[in-house]
């Protein structure tokens, strides 16, 4: 899979970077939220704990996925801004891996 940054901006009010990326995945299905987060963290050299995938969109029949992600400077600020269910969605459940 290949990552291409489409846009990036800094939000000073919430002290976060808002990033939109395109993930190319020829011959594969849409990446899971966990695998997209893992890929973005490694490609952008970020800590997974401060990265949140906001949205993943793949058009039917396409091998390209658009991801909207946010990178926080402070994990505590992230917990204040995001609803609890979104943070839980980002955290793999016990017994599940990135492939599930």
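Observations on the structure shown:
- Order of 5, 21, 81 under a 10 Å beta carbon neighbour criterion, fewest first: 5, 81, 21
- If the chain linking residue 1 and residue 81 were pulled fully straight, counting 0.36 nm for each residue of separation and taking away their Cα-Cα distance, it would gain 25.8 nm.
- Backbone N within segment 1-42 under 15 Å of label point (7 Å from residue 57 Cα along the Cβ vector): 6-7, 19-23
- Convex hull volume of segment 2-72 per residue (C-alpha atoms, cubic angstrom): 77 Å³
- Rounded to the nearest 10 degrees, the inclination of helix 33-43 to the longest alpha-carbon principal axis of the chain is 80 degrees.
Laboratory data are not the source of any read-out in this text; all were calculated from the coordinates shown. As the structure is a computational prediction, the values presented were derived from the model and not from experiment. Using ideal geometry, Cβ is built from the backbone for each residue, glycine included, and neighbour counts are taken over all protein chains shown.
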